[in-house]
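Bear in mind that the values in this text are calculations on the coordinates, not laboratory data. Since we're looking at a predicted model, the values are computed, not measured. Cβ coordinates were reconstructed from backbone atoms using ideal geometry, including for glycine residues, and neighbour counts include every protein chain displayed.
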Amino acid sequence: MGAHLADHPAPAILAEVQPASLPRKELVHHGRDFHWITEKICGIVEGPTPTWWWWCFGVAAFVASFTVAGLTYLVGTGVGVWGHANPVNWAWDIVNFVFWIGIGHAGTLISAILCLLRQKWRTSINRASEAMTIFAVACAAIFPVFHVGRIWMAWYLFPIPNSNYIWQNFRSPLEWDVFAVSTYGTVSVLFWYIGLIPDLGTLRDRFFTVGRIWRARIYGFFAMGWRGSNRHWSNYEMAYLILAGISTPLVLSVHTIVSFDFAVSLLPGWHTTIFPPYFVAGAIFSGFGMVMTLMLPLRAIFRLEDLITQYHIDNMCKITLATGTMVGYAYSIEFFIAWYGSNPYEGFAFINRAFGHYAWAYWIMVTCNVITPQFFWFKAVRQNTTLVWCLAIMVNVGMWFERFVIIVTSLARDFLPSSWGYYSPSVVEIFTFFGTFGVFSFLFLLFIRFVPIMPMSEVKAVTAAADPHGPHPH
Amino acid sequence: MSAPAPIAAPRTGTALGIGAAGIALTAVGVFVSGLEKAATSWLIALTFWIGIGIGMLLLVMIHHIFDAGWSTVIRRQYEHALAAFKWLALLFVPLLLLAWLQPGLIWGWMNLATPLHDGHGTVGTDVLYLKKSGFLNRDMFTGCTAAFFGIWIGLSYFFRRNSFSQDGDGDVKWTLSNRKFAAAGLPLTALSLTFAIIFWVKSLEYHWFSTMYGVWFFAGCMRAALSTGVIIMVWLWNRGDYRGILNNNHLHCIGQLMLSFTVFWAYVTFSQYFLIWNANVPEETFWYNLREMNNSDGQPNQWKWVGLTLLFGHFFLPFLLLLWYPLKLSKKWIPRVGAWIIFIFFLDLCYNIMPAFKDHHGDPEPFLQPGLLWTLAATAGIGGVCVWAYLRSFATTKLIPIRDPRIVESLTHHEANAP
């Protein structure tokens, strides 16, 4: 199909090429070599369990028990224990579902989309972000599954032939959610696991060497016979690339379908065409907020400054700034078109959001999601990790409020003024949601204790030592 | 290796001649088909070329904000193309003059006496207009249009100045300055392109609204700019300028971006269509009904077939072609796919603009009509001016940014760069 385009004499202009000096930032500081990276990452798993870990684990388990208690009470009593009442029959359950699903998106973005875009800086944060995705999806799934009420009938969500010939409503985006989220969860687990295999093989060998046979066997089981041969690496790279290719449209489709949950309706404030890309941008925004919330403490605790450098933090801040600004664009366009469209109901929905009973929630949302990320314009802010962490927390808070504002304000002031109401969550709802942070932390703590938190081979590949034109490894 | 023979500079006169001829032919259209038809043609052609320009401006800014390496040799051609903005602003003046001298001729809301299509009253008595008259009025239209061009011309000026200056002194400050302009310019351009398309195109049917419209235009601009870019690259390669500079991996990356934005365009367009179709609210569906349903005489509406052409021609065909790895590397086929995408972008704009003009039955003007000739003439005319502006800039600077900090990365761009 045509000759290689570069097989031609070099033009005279090439003799004039004399680039200005602007070196690229190092992705691994202090010239850390392959051995140091292996020892550092494996050391977290191999070393004795730190005291702080036990304390955190205990607190996480305690907080998670709130979800267990809340759900047990709900199953034993009925969905009525949640604060839903006409006209707000959908509130914290769907808010929390969308909140957690959105958080998961940054993991796939970092592992899949940044991989396809050849962004090498992703290597230090992709493993933990992927784990975050899986745990966030698990937290998200709790809410719709338990919202069905009779949890033992939840399998009806899947189109399995049954004796009553009951079929799902395939026209409902909630049913699309079932397929989208379950596919997303499955592919995310596969993607995460495929990336883990070489590192599990490393841990197996290291545990075997020091005589910790049971650990070696467990890691060996999950390493699936990894030997690091050329053939294994070739298959691994191809599998990783294919999964990245599959995950990319999948991650976009999942939050698009989540946005359809609202946009296909006729409710003012929900039915707007920009919802799909707006929800995707918001999901990435919230996901990066959570990545920074998790990675910055890990960086400090495990002294990972040489692997998660200021450059990584800068990039995460800038993506948060970009996606936060996109979300701000969507808020503005929604508000503008609500006015421009001249539909009184649509106009009222937005005026009500900003100045009605839930105005406090709206302005928290705007402050956290639009104003907060603007601080990331400033280098001094990005270089202050404590401040970055606080701003990331605000992003998390803001994105929860975004979903609350969208869902509750539109329902609480629907077409019938006679049915207007004010939604307040019940204690059971608050307990259940609060507990999901414990569930998430519980799983994440297990992850950092038993799984290498960074893909060692990928991190090594971006060091100066791996560059054939750079210094050689020691 | 023997030194290659010097390559003659491209001739700018031909492009300017085509531009003048196209503009003159469009002027003839005023006398043959009337001012409204010629002005509509002018609007379509201008939006088309401005869209390509905006896409190129965005690509330059995206290059800088990402500190991209591979696209440095390509960026220079986009910078040349940005020279067209000031001429496009000048070519927009006739539409502004029409807005003031013949209000309501193109944008019906500019004349309160314009009758509504349903025959009930005029724009001045239309509550839907009166509510948005604070935004849709001639002063705002004129002021905002001037501001949009001010933003695009201003940004283009700084990006071009900084890049060309660096060829001379090799100072890295120009790169850092461009990065800052890109950071500020991206949100400004996003807002300006959104409101430009609302003013110029969406307001042709001012009853209709869609929050996705700005995103739709953004997707189209990016596709058209990438496609124009790939045609320029292969043209320069065929001339000999880019031999030894452009390699297969540059083409592969541009092809991947073309594929990505093909999917993005489909995603945006489908989402808009699907959400409006599914909700089935008359205040939104009328826009699509006008383009899909039979005319009042029961005859099929031509726009239905244009819509289907967009579906298959703007998504499925380029999507399937661009999935094919060898095609992305083929200097024979990739510019053809690019040309097709540019043509369909033009068709997409026709689909959005032309049906807004209706006959006395309230049916949209058909697509295939003698007036289409003036649209093609205007497109060729404005295109000639844009190409002339590009070639004039091309002749004045280095072929590639020789002192750019990432120029070597770009010249040695190969797939092994992947992690």
For chain A: relative contact order, % (alpha-carbon pairs under 8 angstrom, 6 or more apart): 32
For the pair B:Trp305/B:Trp324, report the inter-label distance in nm, with labels modelled 7 Å from Cα in the Cβ direction. 2.7
Rounded to the nearest 500, what is the 222 nm mean residue ellipticity of chain A from helices alone, with -39500 (n - 2.57) per DSSP H run of 4+ residues and division by all residues? -21000 deg cm²/dmol
Between the helical axis of A:427-450 and the dominant principal axis of chain A, each derived from Cα atoms, what acute angle in degrees is found, rounded to the nearest 10? 10
Pseudo-spin-label distance A:Ser424 to B:Ala21, built 7 Å along Cα→Cβ, given in nm, is 7.8
Out of region A:330-427, which trypsin sites (Lys or Arg not before Pro) are coil in DSSP terms and have no more than 14 other C-beta atoms within 10 Å? none
Please list, or write none, the lysines whose alpha carbon is within less than 23 Å of the alpha carbon of B:Lys304, excluding same-chain residues fewer than 8 places away. B:Lys37, B:Lys202, B:Lys358
Counting partner chain Cβ atoms within 10 Å of every residue's Cβ in B:399-408, what's the average? 5
Sequence gap at least 6, Cα distance under 8 Å: using those rules, report the relative contact order of region B:184-273 to the nearest whole percent. 32
Loop-resident sites, region A:75-141, for trypsin sites (Lys or Arg not before Pro), counting at most 15 other Cβ within 10 Å (DSSP): A:Arg118
Which distance in Å, rounded to a whole number, links the C-alpha centroids of region A:78-106 and region A:399-424? 12
Of the trypsin sites (Lys or Arg not before Pro) in region A:188-259, those whose Cβ has at most 16 other Cβ within 10 Å and which sit in DSSP loop: A:Arg212, A:Arg227
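Of A:Lys379/B:Lys180; A:Lys25/A:Lys460; A:Lys120/B:Lys180; B:Lys180/B:Lys398, which ones are farther than 18 Å apart at the Cα? Present the calculation step by step, with values, prior to reporting the outcome.
On the way: A:Lys379/B:Lys180 13 Å; A:Lys25/A:Lys460 16 Å; A:Lys120/B:Lys180 23 Å; B:Lys180/B:Lys398 24 Å.
Beyond 18 Å: A:Lys120/B:Lys180; B:Lys180/B:Lys398.
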Pairwise FRET efficiency - B:Lys180 versus A:Gln310, Cβ, R0 = 22 Å, nearest 0.05: 0.70
FRET efficiency estimate (nearest 0.05) - Cβ-Cβ, B:Tyr273 to A:Thr367, R0 51 angstrom: 0.90
Could you work out which residue, out of B:Leu35, B:Leu246, B:Leu320, moves most in a Gaussian network model of chain B, that is, has the largest mean-square fluctuation with Cα springs under 10 Å? B:Leu320
What is the helix-to-structure angle for A:230-263, meaning the angle in degrees between its Cα long axis and the longest Cα principal axis of chain A, kept from 0 to 90 and rounded to the nearest 10? 20
Where in region A:386-420 does the label zone of A:Val79 land, with the point 7 angstrom along Cα→C-beta and an amide N cut-off under 14 Å? none
Average Cα contact separation per residue, region A:273-394, under 8 Å, 6 or more apart, as relative contact order %: 36
Neighbour count of at most 16 Cβ within 10 Å plus DSSP loop: longest GluC sites (Glu not before Pro)-free window in chain A: A:27-304
Average partner coverage of B:241-251, which counts Cβ from other chains inside 10 Å: 5
So, R0 is 60 Å and r is the distance between the beta-carbons of A:Leu416 and A:His29; what FRET efficiency does that work out to, to 0.05? 0.45
Values of log10 I(q)/I(0), in the order q = 0.19, 0.22 Å⁻¹, for region A:12-70 under a Debye, Cα-only, solvent-free model: -0.87, -0.93
Mind checking the dipole of region B:99-161: about its Cα centre, +1 per Lys or Arg Cβ, -1 per Asp or Glu Cβ, Debye to the nearest 20? 380
Measuring from centroid to centroid over Cα atoms, what is the spacing of region A:143-184 and region B:74-141 in Å? 50
Measure out, as a whole number of angstrom, how far apart the alpha-carbon centroids of region B:214-274 and region B:156-187 sit. 23
Folded to 0 to 90 degrees: helix B:138-169 orientation relative to chain B principal axis, Cα: 10
